[in-house]
Amino acid sequence: MPRCFFNVKRIFLIFFTLFIQVPAASQSADVEALLRREMHERRIAGLQVAVVQNHRIVLLKSFGIADIHHSVPTTNKTIFPIYSCTKAFTGVAIMQLVEEGKIDLNAPVSRYLDGLPESWQAITIRQLLTHVSGLPNVLSVLDPVNYGFPHGMNEEQVWTKLKSMPVSSAPGERFSYNQTNYALLGKIIDKFGARPFAETFKQRQFQPAGMQSTGFGDSRDVIKNAASTYRYVNSVDGRKLASEKLIKDYAQFPEFRWTASGMNSTAEDLAHWLIALQQGKLLKSKAALDTLWKAGAYNNGEPTQWAIGWMTKPRPKHRAVIATGGSRAAFFVYPEDDLAVVVLTNVAGAFPEEFIDELAGYYKPQIAASDPVTALRMKLRNRGYHAAVEVFNELKQKQPGFQPLGNGSKRLGLSHVERPWTAERSARDFQIECLSLSHQRKRLRQRRRGIRHQRRTRARYQELQTIARIGSEECERDAATEKT
C-alpha cells in the first residue's frame with residue numbers, strides 16, 4: 001500500500017485527536033477559572049472537585065492550601081470532613097435494609113427500637129429520614145461550642161435528658177432539620193447489621209465502591225493527609241475584633257452521631273461511591289434507587305424538602321438530588337443527565353452548593369439554564385446588577401414559569417424569606433433593592449464582616465433572594481422618597 005496513504009491516515013488521526021482534546025482542555029480551563037473565582041470571593045483556602053459523567057470521572061482536581069500553618073498544598077489525596085453529607089450514606093444503609101425486607105419505611109420507629117417515649121413511638125422511619133419527625137434536637141443537649149458531650153455527661157445521660165424534652169410538632173406536620181433523627185437511624189442499622197454501623201458502612205459501601213481514604217473521625221483524631229479546617233470570626237474570647245480573623249475550626253462528633261455527621265473522605269472517593277450507587281453495586285434495584293431519591297410527604301400530601309438521606313432540588317427539567325455538609329462540602333447528582341459533581345472545601349461558609357449548578361453547566365449547559373437562581377445570577381454577573389430588571393424580564397419572557405424563588409429554592413434550604421416573588425411586585429422596587437444590595441456588597445468587602453453576615457448578604461445578592469423582598473416596606477420607603 002502506498003506510503004502516502006499511511007501519512008494521510010496519521011495526519012487524520014492527529015487532527016481528530018486534537019479536535020477532541022481542545023474542547024476538553026478548554027472546558028477544564030473554564031471550570032478552573034470558575035472555581036478560582038469562587039475561592040477568591042468566598043475566601044476558600046483549599047478545595048477539591050470531581051466531576052462524574054456517564055459513570056466515569058472526567059475531572060479530578062485540587063486547589064489551594066490544605067494546611068495554612070504549614071503551607072501544605074491540597075492534593076487529590078487530601079482528606080476533608082464532609083459533615084452532614086454523611087446522611088446520604090445513612091440513607092443508602094437504610095435502603096439496603098429495606099431491600100432485604102428487614103425494615104419498612106412506613107413503619108413506626110417503635111417497631112424496631114424499645115424504650116422510646118410515648119410521643120416518639122408513632123414516628124415512621126421515613127419521617128426520621130425526611131426531618132419531619134418533630135423530635136427535639138440532640139444538639140440542644142450537647143456542648144453548644146463543639147457539640148461534644150457536656151462536662152460530666154455520657155451518651156446514656158444525653159438520651160435520658162433528650163427523651164424528657166417535648167416534641168416540637170406532630171409527626172409529618174413541619175420540617176425541622178434534626179440530628180436526633182439520624183442518631184436513631186444509627187441504632188436501627190446497628191441492630192440489623194449485628195455490628196457497629198461504622199463497620200456496616202465500611203463493608204457494604206466503602207469497600208464495594210473502592211473508597212480507600214474514607215472513614216469516621218473528628219478534630220480529636222489523627223487522620224493521615226487530613227486537611228485542617230477553618231472559619232472566620234469577628235470576636236474572640238468575648239472581645240469584638242476590628243476585622244475578621246481566620247481561626248482553626250474544632251468540632252467533636254460523638255460516635256452515636258456518626259450517622260448524621262462524622263465522615264471524612266476525598267472528592268475522588270465520593271465520585272467512586274456515586275458511580276457504584278448508580279451502577280447497582282450498593283442497591284440491588286433501580287426501584288430502590290428511585291425510592292432513595294424520592295421526596296417524602298407531609299401529612300397534607302405536599303412533598304418534603306428531603307428524600308431518603310438526600311435533599312431534593314426539583315425543577316421541570318434536569319432535576320438534582322444533593323447532599324451538603326458543614327457549609328463547606330456538597331455533591332449533586334443529576335439522574336437524567338448522567339452527571340454528578342463533588343466539591344469539598346476546608347473553610348466554613350464556603351457553601352459550594354451555591355455554585356455547583358453553574359459548574360455542571362460546563363458539561364451540560366441546560367442544567368445551569370434550568371435553575372432560575374443560577375441562570376439569573378450568571379446573567380447579572382455578566383451584565384451587571386444595574387440591568388437587573390431587564391435581565392429578569394428577558395428570562396421571564398423566555399420561560400413563562402420562571403421564578404427565582406419559590407418551592408424549589410425553599411426546599412433546598414436557600415430561602416429564609418417569607419414573601420416570594422409575585423408578578424404584582426414592581427420592577428422599580430426590584431431595581432432599588434438590587435442597587436441597595438450592590439452597595440451592601442461593597443461594604444461587606446471593605447469591612448470583612450462575620451461569616452453569618454457574609455452568608456446572609458451573599459445569599460441575598462448572589463442567589464437573588466432580593467426578588468423575594470421586592471415590595472418590602474424598606475423598598476417602598478426608598479421608592480416614595482425618590483418620587484418626592
Inter-part gap, Cα centre of the stretch 45-79 to Cα centre of the stretch 132-194, in whole angstrom, is 33 Å
Please rank MET153, MET95, fewest neighbouring Cβ atoms within 10 Å first, as an exposure proxy.
MET153, MET95
Burial ordering of LEU344, LEU59, fewest other beta-carbon atoms within 10 Å first:
LEU59, LEU344
Could you tell me whether the stretch 152-288 comes out rounded, prolate or oblate from its Cα gyration tensor? Rule is a ≥ b ≥ c as square roots of the eigenvalues, rounded for a/c under 1.5, then prolate if a/b exceeds b/c, otherwise oblate.
oblate
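Please report ARG220, ARG315 as a ranked list, fewest other C-beta atoms within 10 angstrom at the top and most at the bottom.
Final ranking by Cβ density, sparse to dense: ARG220, ARG315.
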What list of ³J(HN,Hα) values in whole Hz, one per residue of the stretch 169-176 in order, does the Karplus curve 6.51 cos²θ - 1.76 cosθ + 1.60 (θ = phi - 60°) give from phi, with Gly and Pro shown as x?
6, 5, x, x, 8, 8, 7, 8
Could you list which residues have their amide H under 5 Å from that of TYR112, counting only those 5 or more apart in sequence or on another chain, with H placed in the peptide plane?
none
DSSP-defined antiparallel bridges as percent of all bridges, the stretch 24-100, nearest 5
100 percent
Going by average Cβ density within 10 Å per residue, which order do the peptides 201-211, 33-43 take, highest to lowest?
201-211, 33-43
Here the FRET efficiency for GLN279 versus GLU336, based on Cβ atoms and R0 = 25 Å and rounded to 0.05, is 0.95
Counting only Cα atoms, I'd like the Rg/Rh figure for the stretch 53-128, Kirkwood definition for Rh.
1.23
Per-peptide average of other Cβ atoms within 10 Å, ordering 174-185, 140-151, 298-309 highest first:
174-185, 298-309, 140-151
What are the ³J(HN,Hα) values, in whole Hz, obtained from phi via the Karplus relation 6.51 cos²θ - 1.76 cosθ + 1.60 with θ = phi - 60°, for each residue of the stretch 340-357 in sequence order, with x given for Gly and Pro?
8, 10, 10, 9, 10, 9, 10, 10, 4, x, 6, 6, x, 4, 6, 10, 5, 4
Karplus-derived 3J(HN,Hα) from phi for the stretch 107-121 (6.51 cos²θ - 1.76 cosθ + 1.60, θ = phi - 60°), whole Hz, x at Gly and Pro, runs 7, x, 4, 5, 5, 10, 10, 9, x, 8, x, 4, 6, 9, 5
Non-local amide H neighbours of SER265 (under 5 Å, H modeled in plane, Pro and chain starts lacking H): which ones?
PHE80, ILE82
Excluding residues fewer than 8 places away in the same chain, name every one of the lysines whose C-alpha is closer than 24 Å to that of LYS191.
LYS87, LYS102, LYS161, LYS163, LYS202, LYS281, LYS284
Mean Cβ-within-10 Å packing, highest first, puts peptides 68-79, 353-364 in the order 353-364, 68-79
Under a 5 Å amide H to amide H cut-off, with H placed in plane at 1.01 Å, what residues pair with GLN252 once short-range neighbours are removed?
GLY148
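Each reported figure results from applying straightforward, stated rules to the coordinates on display, with no laboratory input. Note that the structure is a prediction, hence the values are computed from the model and not measured. As a convention, Cβ positions derive from the backbone with ideal geometry for all residues, glycine included, and neighbour counts pool all protein chains shown.
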